[in-house]
Amino acid sequence: MATSPTARVSPGFVLLLSALTAIGPFTFDTYLAAFPRIAQDLDAPAAAVQLTIAASLAGLAIGQLLIGSLSDAFGRRRPLLVALGVYVLASVAIMLVGDVRAFTALRFVQGFTAAAGMVLSMAVVRDRYSGIAVSKVLARLMLVVGVAPVLAPTIGAQLLAVGSWRTIFAFLAVVGATLLVLAAVALPETLPAERRRTGGTRAALRTYGDLLTDLPFLGLALLSAFYLGSMFTYVAASTFVLQDGFGLDAQQFGLVFAAGAVSITAGTQVNGALVGRFRPEQILSAAVAVGVVLSLALLAVAVAGAGFWPVTVLLVLTLGTAGFVMPSAPAIALDANPHRAGSAAALLGALQFGLGAVIAPLTSLDGEPTAVSMAAVMAGVIAVAGLLLLALRRTWRTTEGAGRIEAAQVDGAEVADAARVADQHEPVAAGTLAHGPADGR
């Protein structure tokens, strides 16, 4: 299927890809509220249950690397369907576990297979669209990536109200089975055989090696990962900051959480509206610059002990900038790598979740997270993203300059070719112009 910058973006198609994208965050976040019950039921310490988060994140990161690479060689459809089938089996198996070690192992499998939905959705977008259309569709997918980690714990809490922690994994099994059926029926293969990578494992490793040494791509991937790390920090620390630090009850905390989700959602949708009027590089530059200012202001008011409202307002506004960054960075990276979109999307996702898993616990290094520690980590990772942006802008200027020179050379060559054609095919007219006055005509 050829890419098209002007192809119609089907709402149903985007909805299916969005659902496939959401399976990763839902797998990670839905069971967070069930930790105490899981520890009690499996007779395990809280630390052992918390390790299941790391297991699922590791599965997500590694799964994106392997499944994304496989999809460049075998197409998008088969790896996706196989992964969704295994995901359903792993979810059912978790419902039956009796010890925390088996639970942890199955969580790794669940994360590994959930990665297929996330990475292959982005690859399918790049297979089917190009140019501005990629940015528009990714903006809608990133809406789900941004909101799902915020909404998933709330859904898990509601499921706990009507059942045990195993009910959550029954829900995830149903979600996986539904997506498997929908993908089998409604998602065609988007990577034709002639565009697939050949050469096996060695070629896959070479592709990842090429991407890791492609400094513009690596810079974009790290920028996106560090910025997403600010959102992971918020998700991991906000319950302690808002409930224990500012004394909010569960309902008030839910309202603030919802405000964060609305802010991220608004950012992704405004980003989608701006695409076409501004280049993704311009949107990304402005969003990161605003994010740096807002996150530093958040840190300043937190250190000053300014109270709930200043911290919350700046926190929600800072989250809104992530809604611009998350679709823009992958759009730029994938548009520059159409021939290895699966591997590029995989590496982007692996870095995001892998780095997020490292960044989020930093707020607890000195004990329970506080407004200051949360703001410091968020400001720090966004500042790193800002420095990466400065380095990337130099490569963009160089590329744009080279493009202008090449365009000028092409235009000059076309003018010269046109002149030669005129000389060869219009000798009479040329002679008339040159000698007409001497002939007295």
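The values are calculated or read from the model by the stated rules, or taken from the named source; none is laboratory data. Given the structure is predicted, the values throughout are model-derived calculations rather than measurements. Cβ placement follows ideal geometry from the backbone for every residue including glycine, while neighbour counts extend to all protein chains displayed.
What are the pairs with Cβ atoms under 7 angstrom where one residue, in the range 379-401, is over 30 Å from Ala302 (Cβ atoms) and the other, located anywhere, is part of a helix (DSSP H, G or I) and at pLDDT below 95? Sequence gap at least six, or different chains.
From the range 379-401, the pairs are Thr395/Leu215; Thr395/Pro216; Trp396/Glu281.
Test Leu348 against the criterion of being within 23 Å of Leu274 (Cβ to Cβ) and at pLDDT 85 or above, and give yes or no.
yes
Take the residues of the range 277-305 that are crowded, with 22+ Cβ neighbours inside 10 Å and β-branched (Val, Ile, Thr): which is farthest from Gly320 (Cα to Cα)?
Ile283
Those residues that are in contact with a helix residue (DSSP H, G or I) (Cβ under 6 Å, 6 or more places away or on another chain) and at pLDDT below 85, I need them from the range 265-274; list them, please.
Listed by number, the residues that qualify are Thr265, Thr268, Gly272.
Taking Val92, is it at pLDDT 85 or above, surrounded by fewer than 24 Cβ atoms within 10 Å (Cβ to Cβ) and in contact with a Phe, Trp or Tyr (Cβ under 9 Å, 6 or more places away or on another chain)?
yes
Look at Ala237 and say whether it is within 22 Å of the chain's Cα centre (by Cα), within 30 Å of Val14 (Cβ to Cβ) and not aromatic (Phe, Trp, Tyr).
So Ala237 fails the test.
Could you tell me whether Phe246 is modelled with pLDDT of 90 or more, over 27 Å from Leu390 (Cβ atoms) and over 19 Å from the mean Cα position of the chain (by Cα)?
In short, yes.
I need the full set of residues from the range 30-60 which are among the polar types (S, T, N, Q), free of Cβ contacts under 8 Å to residues at least 60 places away in the same chain and either surrounded by 16 or more Cβ atoms within 10 Å (Cβ to Cβ) or under 22 Å from Leu355 (Cβ atoms) (or both), in order please.
Gln50, Thr52, Ser56
Residues that are in contact with a strand residue (DSSP E or B) (Cβ under 9 Å, 6 or more places away or on another chain) and of a type outside the set (A, V, I, L, M, F, W, C): list the helices (runs of 4 or more DSSP H) wholly contained in the range 8-122 that include at least 3 such residues.
none
If a residue must be in contact with a Phe, Trp or Tyr (Cβ under 8 Å, 6 or more places away or on another chain) and among the polar types (S, T, N, Q), how many such residues does the range 334-362 contain?
Selection size over the range 334-362: 2.
Could you please give the count of residues in the range 166-218 that are surrounded by fewer than 18 Cβ atoms within 10 Å (Cβ to Cβ) and either touching a Phe, Trp or Tyr at 6+ places or on another chain (Cβ under 7 Å) or within 19 Å of Arg78 (Cα to Cα) (or both)?
Residues meeting the conditions: 18.
Quick check on the range 136-150. Is at least one of its residues within 22 Å of the chain's Cα centre (by Cα), at pLDDT 85 or above, of a type in the set (D, E, K, R) and buried (at least 17 other Cβ atoms within 10 Å of the Cβ)?
no
Does the range 3-26 contain at least one residue that is modelled with pLDDT of 85 or more, polar (S, T, N, Q) and within 21 Å of the chain's Cα centre (by Cα)?
Scanning the range 3-26 turns up at least one residue that is modelled with pLDDT of 85 or more, polar (S, T, N, Q) and within 21 Å of the chain's Cα centre (by Cα).
Yes/no matrix, rows are residues, columns are (1) surrounded by fewer than 24 Cβ atoms within 10 Å (Cβ to Cβ); (2) more than 25 Å from Phe257 (Cβ to Cβ); (3) out of contact with any helix residue (DSSP H, G or I) (no Cβ under 6 Å at 6 or more places or on another chain):
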residue	(1), (2), (3)
Pro310	yes, no, no
Val313	yes, no, yes
Pro327	no, no, no
Ala333	no, yes, no
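State yes or no: is Arg77 surrounded by fewer than 19 Cβ atoms within 10 Å (Cβ to Cβ), within 27 Å of Ala225 (Cα to Cα), of a type in the set (D, E, K, R) and modelled with pLDDT of 80 or more?
yes
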